[in-house]
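Colleague: Have a look at the structure that comes next, please.
Values in this text are rule-based calculations from the coordinates and carry no lab data. Here the structure is a predicted model, which is why all the values come from computation and not from measurement. Neighbour counts run over all protein chains shown; Cβ positions are idealised from the backbone, glycine included.
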Amino acid sequence: MKLLVTGSAGHLGEALVRTLQRLNRDVAGLDIKPSPYTTYVGSITDRAFVRRCLAGIGTVFHTATLHKPHVDTHSRQEFIDVNLTGTLTLLEESAAAGVQQFIYTSTTSAFGDALVPPVGKPAAWITETVPSVPKNIYGVTKEAAENLCQLFWRNHTLPCIVLRTSRFFPEEDDDAAKRMAYSSDNAKANEFLFRRVEIGDAVQAHLLAAEKARQIGFSRYIISATSPFNTADLPALRTDAPGVVQRLAPAYVALYDCLGWKMFREIDRVYVNDKARQELGWNPVYDFGYVLKQLEAGMELQSPLAKVIGVKGYHESV
């Protein structure tokens, strides 16, 4: 049956449509913005439009969302309208249309304040069992939409898989202090240790989730690069992250020296992808070891897929 990707003009949506087209799958894209990968232009809050788009659809990949950077430019009501009401509309119309599986792209930002331990405490070990403490309207709406997915599995037997993805966008860090202290590539390379996923790996997680959805029913998964750390490393990561990384990946020191790069002084959380690897059969390629091999070979940090999608930005105007 046909597949529908919402948010097809965005980073992940475009990556999914490109990949599915390459696999010769019958895929349509939906977005509020026109793009070469968008079949239907309109809003997920428009029920009649959504109903038309879902005709004949077997799988929905719902990536459309207002993102964390939009907190500065959009109202809380707009977040409710798009992230929550839009998702509810998609779920209701998917159930009515006989959609077979619904894959929802959520975010590790939904963990919120649970990601930052108090001063003097070890780094946080973030698994799916950690309770969310949303700290802004973005996190609130993403977690609420996840709960809607669970409700539709429970009450309508619509298989729904929630993927809490970590950072995959190529834009510079939204933290001004990080931008001042580290180059963009330096920061992104560091993040593969604990809070980043390569976009091609994220796509594979979504495809595997669609394959396993009817078997699983409902579940949440953290989608992030495999970290080299374990729980014994957590105290030292808050006080001497470079020392921990040097012990686990000593080759990084010379490579970083050649590039004029530096490791973060502190790492405050570690995303754990064990559940996704075990239950979905996900095997992400990009991790810090892979990044070091790329750098040693003089190759670009970006994967070919990330490079071809490029930088999209989040705002029409500043």
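Colleague: Under a crude label model (7 Å from the Cα following the beta-carbon direction), how far is residue 147 from residue 232 in nanometres?
Modeller: Output for this residue pair reads 4.0 nm.
Colleague: Which of the lysines could a cross-linker span from residue 312 if the Cα-Cα distance has to be under 30 Å and same-chain partners fewer than 8 positions apart are dropped?
Modeller: Candidates past the 8-residue exclusion: 2, 33, 68, 135, 142, 178, 188, 262, 293.
Colleague: What is the dipole size for region 248-317, taken about its Cα centre, with +1 at each Lys and Arg Cβ and -1 at each Asp and Glu Cβ, in debye to the nearest 20?
Modeller: Charge dipole, region 248-317, about its Cα centre: 60 debye, nearest 20.
Colleague: List the GluC sites (Glu not before Pro) within region 216-318 that DSSP assigns to loop and that have no more than 12 neighbouring Cβ atoms inside 10 Å. Mind showing how you got there, number by number?
Modeller: Values: sites: 266, 279, 296, 300, 316; in loops: 266, 300, 316.
In loop regions of region 216-318 (DSSP not H, G, I, E or B), the sparsely surrounded GluC sites (Glu not before Pro) are 266, 300, 316.
Colleague: Under a 5 Å amide H to amide H cut-off, with H placed in plane at 1.01 Å, what residues pair with residue 45 once short-range neighbours are removed?
Modeller: Residues meeting the criterion, in which the H sits 1.01 Å from N, do not exist here.
Colleague: Running a GNM on the chain with Cα contacts under 10 Å, which residue among 283, 155, 147 ends up with the highest mean-square fluctuation?
Modeller: 155
Colleague: I would also like to ask the following. Near residue 5, within a Cβ-to-Cβ distance under 13 Å, what is the net charge of the other residues, with Lys and Arg +1 and Asp and Glu -1?
Modeller: Local charge sum for residue 5: 0.
Colleague: Cα axis of helix 11-22 to longest principal axis of the chain: angle in degrees, 0 to 90, nearest 10?
Modeller: Roughly 70 degrees between the two axes.
Colleague: From a point 7 Å beyond the Cα of residue 100 in the direction of its Cβ, which residues of region 40-65 have a backbone N at a distance under 15 Å?
Modeller: 56-61
Colleague: Can you tally the net charge around residue 277? Count Lys and Arg as +1, Asp and Glu as -1, for every other residue whose Cβ sits under 13 Å from the Cβ of residue 277. Mind showing how you got there, number by number?
Modeller: On the way: positive: 212, 275; negative: 128, 201, 274, 279, 287.
Neighbour charge sum, excluding residue 277 itself: -3.
Colleague: Same structure again: Sequence-distant or interchain residues sharing an amide H contact under 5 Å with residue 27, placed H: which?
Modeller: Those lying under 5 Å, H to H, from residue 27 are 3.
Colleague: What are the trypsin sites (Lys or Arg not before Pro) within region 240-316 that DSSP puts in a loop, where the Cβ has at most 16 other Cβ atoms within 10 Å?
Modeller: Working: sites: 247, 262, 265, 269, 275, 277, 293, 307, 312; in loops: 262, 265, 312.
The qualifying sites are 262, 265, 312.
Colleague: What whole number of Å gives the distance from the Cα centroid of region 1-33 to the Cα centroid of region 182-261?
Modeller: For region 182-261 versus region 1-33, the Cα centre distance is 26 Å.
Colleague: Follow-up question, since we're still on this one. With the crude spin-label approximation of a point 7 Å out along Cα→Cβ, what separation in nm comes out for residue 172 versus residue 46?
Modeller: The answer from the label model is 3.6 nm.
Colleague: OK, next. Work from the charge dipole of the chain (Cβ charges, +1 for Lys and Arg, -1 for Asp and Glu, about the Cα centre) and give the residue of 89, 292, 110 farthest towards its positive end.
Modeller: Ranked along the dipole, the leading option is 89.
Colleague: At what distance in angstrom do the alpha carbon centres of region 75-118 and region 42-61 lie from each other?
Modeller: Region 75-118 and region 42-61 have Cα centres spaced 15 Å from each other.
Colleague: Pick from 186, 24, 273 the residue whose mean-square fluctuation is largest in a GNM of the chain, springs joining Cα atoms under 10 Å.
Modeller: 24
Colleague: Got the relative contact order for the chain handy, in percent, Cα pairs under 8 Å and 6 or more residues apart?
Modeller: On the way: 586 pairs, mean separation 57.1, N = 318.
Rounded, it is 18 percent for the chain.
Colleague: Net charge near residue 196: determine it from the other residues with C-beta under 9 Å of the C-beta of residue 196, scoring Lys and Arg +1 and Asp and Glu -1.
Modeller: +1
Colleague: Name the residue, out of 258, 53, 160, whose mean-square fluctuation peaks in a Gaussian network model built on the chain with Cα pairs under 10 Å.
Modeller: 258
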